[in-house]
1. Scan segment 159-193 residue by residue and report those that are among the charged types (D, E, K, R), part of a strand (DSSP E or B) and more than 8 Å from the ligand (Cβ to nearest atom).
2. Can you pull out every residue in segment 118-175 that is more than 21 Å from LEU108 (Cα to Cα) and aliphatic (A, V, I, L, M)?
3. Taking the residues in segment 94-123 that are in a helix (DSSP H, G or I) and in contact (Cβ under 8 Å) with a residue 40 or more places away in the chain as candidates, determine which candidate is surrounded by the most Cβ atoms within 10 Å (Cβ to Cβ).
4. Find the residue count for segment 143-158, including only residues that are part of a strand (DSSP E or B) and surrounded by fewer than 18 Cβ atoms within 10 Å (Cβ to Cβ).
5. Can you tell me which residues in segment 178-227 are modelled with pLDDT of 95 or more and of a type in the set (Phe, Trp, Tyr)?
6. If you take the residues in segment 47-89 that are of a type in the set (Phe, Trp, Tyr) and part of a helix (DSSP H, G or I), which one is surrounded by the fewest Cβ atoms within 10 Å (Cβ to Cβ)?
7. Going residue by residue through segment 212-221, is there one that turns out to be touching a helix residue (DSSP H, G or I) at 6+ places or on another chain (Cβ under 7 Å), within 12 Å of the ligand (Cβ to nearest atom), outside any strand (DSSP E or B) and of a type outside the set (Asp, Glu)?
8. Exactly one condition in (1) farther than 23 Å from GLU222 by Cα; (2) touching a residue at least 40 places away in the same chain (Cβ under 8 Å) is false for PHE72; which is it?
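The values are calculated or read from the model by the stated rules, or taken from the named source; none is laboratory data. Predicted model only: the values in this text are computed from it and were never measured. Note that we place each Cβ from the backbone using ideal geometry, even for glycine, and neighbour counts take in every protein chain shown.
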Amino acid sequence: MESKPETKTKFISTTSHKLKTPLNAIIGFSELLLEQVYGPLNEKQIHYLKNINSSGKNLLALLNDLIDLMNFKWGDPNPYYSEFSLPHALNEAQESLKCLADQKNISLEIRNGAEVSIIKADEPKFMKILLNLLSNAIKFTPPGGKVEISTKYHKTPSPDFSFSQPYVEVSVKDTGVGIKPGDQEKIFSEFYQVDPEISQTFEGTGLGLTLARELVRLHRGEIWVESEVGKGSKFTFIIPITV
Ligand code: ADP
């Protein structure tokens, strides 16, 4: 018998808790030992502890992405629409990733060209899409580069799209490594990474864009990328807004 979405959601949240608790202990205690408050460590011990710590963090990132995807596929897939401020959402996203951008001396700017301030969407899911695109842009942009979020409001629905309401367009543009044409569609597939070795050094999981696309589609929107190797990428998503 098919179980209800609530039963599945509960199962996912219990499993998630059970897996995350020991994992957080591994991360936390390896950090504590690395601080050497309980005695000095030799170089080999530091090396292996750093390995334990970064593997723990990678596993936690993978687990978080998997849980999001499972919740989406097997939990309650309905979007919960509410009205919220677009400029506020953009500022919040900028604020939460500012530290990451500063560490690489990357400028993170907003150009909000949308003449609407209140939009209607599932706010946490909207934020998730935006944060996934932004954190990728920062990850794949060399130090000293630039990441820019821009928005536009389209009052007239485009005949090219599958909806007939006004819509908002959000783009995240970077001056990063770029993606070659043959990879531009593949990167939206589960676990696909252009260069797994490079992506994994950034603690990537290959699930961020899959999830972003599912969440955009849940809003009946679309997402795509334009990119040039060595110059940068621009990810754009559009979602109809009903305000
Ligand atoms: P990951 O956790 O590896 O970032 P994603 O699904 O978010 O997983 O992205 C998949 C792959 O797409 C990345 O590993 C990277 O190869 C490529 N990619 C995503 N965003 C960008 C970007 N802004 N610039 C260059 N490559 C990108």
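1. GLU169, LYS173 - these are the residues of segment 159-193 that are among the charged types (D, E, K, R), part of a strand (DSSP E or B) and more than 8 Å from the ligand (Cβ to nearest atom).
2. Within segment 118-175, ILE118, ILE119, ALA121 qualify.
3. Among those residues, the one meeting the criterion is ALA101.
4. So the first thing to find is which residues in segment 143-158 are part of a strand (DSSP E or B), and the list is 146-154.
So of that shortlist, the ones also surrounded by fewer than 18 Cβ atoms within 10 Å (Cβ to Cβ) come out as 146, 148, 152-154.
Qualifying residue count, segment 143-158: 5.
5. Within segment 178-227, PHE188, TRP224 qualify.
6. TYR48
7. Yes.
8. (1)
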